[in-house]
1. Within a 10 angstrom radius of the beta carbon, how do 149, 54 rank from fewest other beta carbons to most?
2. At residue 361 and residue 232, where each label point lies 7 Å from the Cα along Cα→Cβ, what is the point-to-point distance in nanometres?
3. At 7 Å along the Cα-to-beta-carbon direction for both residue 258 and residue 224, put a label point, then send me their distance in nm to one decimal.
4. Can you figure out the FRET efficiency of residue 197 with residue 71, using R₀ = 45 Å and their beta-carbon distance, to the nearest 0.05?
5. Let's test the formula: R0 of 56 Å, r as the Cβ-Cβ distance of residue 165 and residue 313. What FRET efficiency results, to the nearest 0.05?
6. How much length, in nm to one decimal, is gained on full extension between residue 269 and residue 243, taken as 0.36 nm per residue of separation minus their Cα-Cα distance?
7. Once all Cα-Cα distances of the chain are split into 20 Å bins that start at 0, what whole-number percent is in each one?
8. Using only the alpha-carbon atoms, how far is helix 279-290 inclined from the longest principal axis of the chain? Give it as 0 to 90 degrees, nearest 10.
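Taken together, the values in this text are just the output of simple stated rules run on the coordinates, not laboratory data. Predicted, not measured: the structure shown is a model, and the values here were computed from it. No Cβ is skipped: glycine too gets one built from the backbone with ideal geometry, and neighbour counts run over all protein chains shown.
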C-alpha cells in the first residue's frame with residue numbers, strides 16, 4: 001500500500017496528516033499528487049465529493065508555497081462559504097509541523113471591510129467564493145499578479161450556482177498562472193467551455209471511477225412510504241436511533257424549513273440550514289450542531305457542502321436527491337474517520353425502482369427496511 005511519503009509528500013506535512021488519522025492515500029490522491037508535485041501543469045480531475053480532493057490538491061499546493069515570500073501565490077475557488085472554510089481549515093491542519101503558511105478565506109455574507117483588513121497581512125493562499133473575490137478585485141483590495149497556482153474546487157457546483165461569468169473573469173485576471181487545477185464531479189458543457197478557454201490543450205485528465213468513491217462503511221437502506229406518512233416514519237426511525245445524531249436531506253429550502261418546524265414541534269432538537277440564511281444565522285446553527293445542542297440538522301444539498309461534523313451515525317434522504325453525485329455527497333456526511341454509518345432513503349414505489357440505478361452506477365447494495373423496524 002502506498003503512503004504519502006511514496007507520493008513525494010514532505011515529512012513535515014505527513015506528520016500533520018498522521019495526526020488527522022489520514023494514513024493511506026485515496027485513489028484520487030494517488031493519481032494526482034505525483035503529477036501536481038513534479039511539474040507545472042494544468043489538470044482536469046473528475047471525482048466526487050468525499051474522495052479526498054482537498055488533500056489531493058492541498059498538499060501539492062502547500063508544497064509549492066515559498067513562505068519567505070509575502071505575496072499571494074495560490075488561489076482556491078469554492079462554490080460555498082462552508083466549503084471555503086472547510087478547505088482553509090484543512091490546509092491549516094496540514095501545516096501544523098511545517099513553516100508558517102498563511103491562508104485567508106473570503107466569502108460573501110461577512111463584512112467586506114474585515115476581509116480587506118485581513119488581506120493586508122501576509123497571505124500566501126486565498127480560498128474564496130467567486131462573487132466575493134470579484135468584489136475584492138473591484139475594490140483593488142487583493143493582488144493576484146504573482147499567483148502561480150489556481151484551483152477550481154467543485155467546478156460544476158460553481159457553474160450550477162451561476163458563477164460561470166465570474167470564473168471567466170477571474171481566470172482572465174490570471175494570464176501568467178503556471179498551474180490551473182480543476183476538480184469537478186461532472187463535466188457538463190459549461191465546464192468544458194472553461195477547460196477549452198482557460199486550460200492548456202495538453203491538460204492532464206484524471207478520473208476516479210464512481211465505484212471507488214462510496215465509503216464502504218456505510219450501510220444503504222430504503223423504506224417505501226407514502227408522502228403523507230413520511231414524518232411519522234422519520235420520527236419512528238429517530239426513536240430507534242435513540243440519541244444518535246445525523247443529517248436529514250430535503251431538495252428545497254421550503255421543505256427543510258417545514259420539516260425542521262415539524263420536528264421541533266415533536267420535541268426533536270433540530271434546525272434547518274439552507275441558502276436563505278444570513279451567514280451569522282448559518283454559523284449559529286452549525287455551532288449548535290457541532291456542540292451537540294442539536295441532534296438533527298435538516299439541510300439542502302448545496303447548503304450542506306463543506307459540512308464536516310464528526311460522530312454522525314446516519315443520513316436520511318427525506319427526499320431523494322437530483323443526482324448520483326448528491327447521493328454520494330449526502331451519504332458521505334456519515335461513517336467518517338473509519339466509523340460506520342447508515343444512509344436511509346424514504347421513497348415511494350416509483351422511486352424505489354430508481355434505486356436499482358444507484359446500485360448499478362455506484363456499486364452499492366440497498367437493504368429494504370420494513371415499517372416498524
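1. Details: 149 22, 54 25.
Fewest-to-most Cβ neighbours within 10 Å comes out as 149, 54.
2. 3.3 nm
3. Label at residue 258, label at residue 224, 2.4 nm between them.
4. On the way: r = 26 Å, r/R0 = 0.59.
Approximately 0.95, to the nearest 0.05.
5. Details: r = 41 Å, r/R0 = 0.74.
Step by step, r from the Cβ atoms, then E = 0.85.
6. Values: separation 26, 0.36 × 26 = 9.36 nm, distance 1.05 nm.
My answer for the length gained is 8.3 nm.
7. Pair shares across the bins are 28, 57, 14, 0.
8. On a 0 to 90 degree scale, this one is about 60.
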